[in-house]
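A short write-up of the structure that comes next.
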Amino acid sequence: MFDSLAERLGKTVDSLRGRGRLTEDNVADTLRQVRMALLEADVAVPVVKSFTDAARARAIGAEVAKSLTPGQAFIGVIHEELTRVMGEPGRGLNLHAAPPVVVLLAGLQGAGKTTTAAKLARHLIERHRRKPLLASTDVYRPAAMTQLERLGAQVGADYFAPPADARPVAIATAALGHARRHQNDVLIVDTAGRLHVDEAMMDEVRAIDAAVGATERLFVVDSMAGQDAVRAAQSFNAALDLTGVILTKADGDARGGAALSVRQVTGKPILFVGVGEKTEALEPFHPERIASRILGMGDVLSLIEQVRETADHEKAAKLAEKLTKGQGFDFTDLREQLAEFNRMGGLQALASKLPNQALPPGALAQADEGAIRRQMGIIDSMTPGERRRPAIIAASRKRRIAAGAGVHVQEVNRLLKQFMQMEKVMKKMKGGGLRKLMRSLSGQFPGGLGPR
């Protein structure tokens, strides 16, 4: 998300770095570039005006003028104003009401409501130890019910199967009764969407809300929808009195205008951001971290949190013990590490959270999301003996492995070369070297979040 905006703003803020002083002329020129970047990113015009007016007032004020490095101080102003526009950090779901707490999801068709319902269920199960019930009132798209049932099974959530020919309000009411009888402490109601806002849709979602008394009425919005998303948010807010917003598809090549507009236009907080299709790809909303990513500063805190939550710590401990005892690093170990990368969303998802300066030019654009899968396929094509002793993989074995994985022999050679480089590093981990390395790294992370 924000790819084009980040590129434009990155060039703008780079021109400010190292400036000995700021003048009205270069402040005006910088803000003009910022304004154009925001408008091209499809940010609503009133939001752009509010942003630039506030940034200008602060830039010519004492806090920047008296700074030893005015250019850097102005970059800080832009970061803080981006954060302000996007609102407060996501508060999470309100789970303090009497159970079952009802969470109503509303939005246009294609925004990702059904997938988001399953992501929320997984979030409630894993983070809050709750027992959610999923229910779909989308009687116009039967596949929606099937999809929600399947996703619910994947995340371990209960699913309410509606009676045949039941209407949306009746489904929601029956689901609430089911939740009460079966001790489900949260009911997530997925409502039908349309391609555009219409009165029939609003009447239906209002009636569902009235029937179940939702605690959370969340607008699910596609980050790539631009100004259409802002207009839809205004309409849903007028009809439902929304309590929050969830941004979806934030991992796509979006201009990002919705994220910077919806909060200010509706006055409702953004609670979560969907960053992929997988059910674990839901992050709490941190405006200051997103602002850092927009300005090319990275989001290392989110990356560390993601590693902590998704990494298989038991396997990591076994590998560490194996290496410290001087036992060899083999292809089975490498495959497990590649699988960890996959669980964390792939190379691009991880690299996008690193500061721009930490990556070679163009590295993020060249990150091939299929590379990990192909490498795992190559390892899967090896025999157990070849995985344990890669030195025995000669030309004929390489051809067989490549054919089994459906790749060229050059890719097998490339993986073998990478493995040998990794093996050299791993050999240095013998005799406590790994623990020394981890201890040296632990001081490099803020707030004590380093490896332990």
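The values are calculated or read from the model by the stated rules, or taken from the named source; none is laboratory data. Since this is a predicted model, take the numbers as computed values, not measurements. Heads up, the Cβs are rebuilt from the backbone with ideal geometry, glycines too, and the neighbour counts pull from every protein chain shown.
Quick notes
- For the residues T146, T191, T137, the requirement of being among the β-branched types (V, I, T), exposed (fewer than 13 other Cβ atoms within 10 Å of the Cβ), assigned by TED's automatic domain parsing to the domain that holds Q109 and under 24 Å from E277 (Cα atoms) singles out T146.
- Any hit, segment 44-63, residues being of a type outside the set (S, T, N, Q), modelled with pLDDT under 70 and in contact with a Phe, Trp or Tyr (Cβ under 6 Å, 6 or more places away or on another chain): no
- Applying a threshold of 9 Å to beta carbon distances and a minimum spacing of six or more residues, or different chains, the list of pairs starting in segment 227-245 at a residue that is closer than 13 Å to K268 by Cβ and ending at one that is of a type in the set (S, T, Y) and modelled with pLDDT of 90 or more reads T243/T215.
- Yes/no for E80 being over 22 Å from A232 (Cβ atoms), in the same structural domain as V245 (by TED's automatic domain parsing) and surrounded by fewer than 21 Cβ atoms within 10 Å (Cβ to Cβ): no
- Those residues of segment 170-199 which are assigned to a helix (DSSP H, G or I) and in contact with a Ser or Thr (Cβ under 8 Å, 6 or more places away or on another chain), in sequence order: I171, A172
- Qualifying residue in segment 201-213 (condition: free of Cβ contacts under 8 Å to residues at least 40 places away in the same chain and part of a loop (DSSP other than H, G, I, E, B)): no
- When G213, G177 are checked against the criterion of being assigned by TED's automatic domain parsing to the domain that holds A117, out of contact with any Pro (no Cβ under 8 Å at 6 or more places or on another chain) and at positive phi, G213 stands alone in meeting it.
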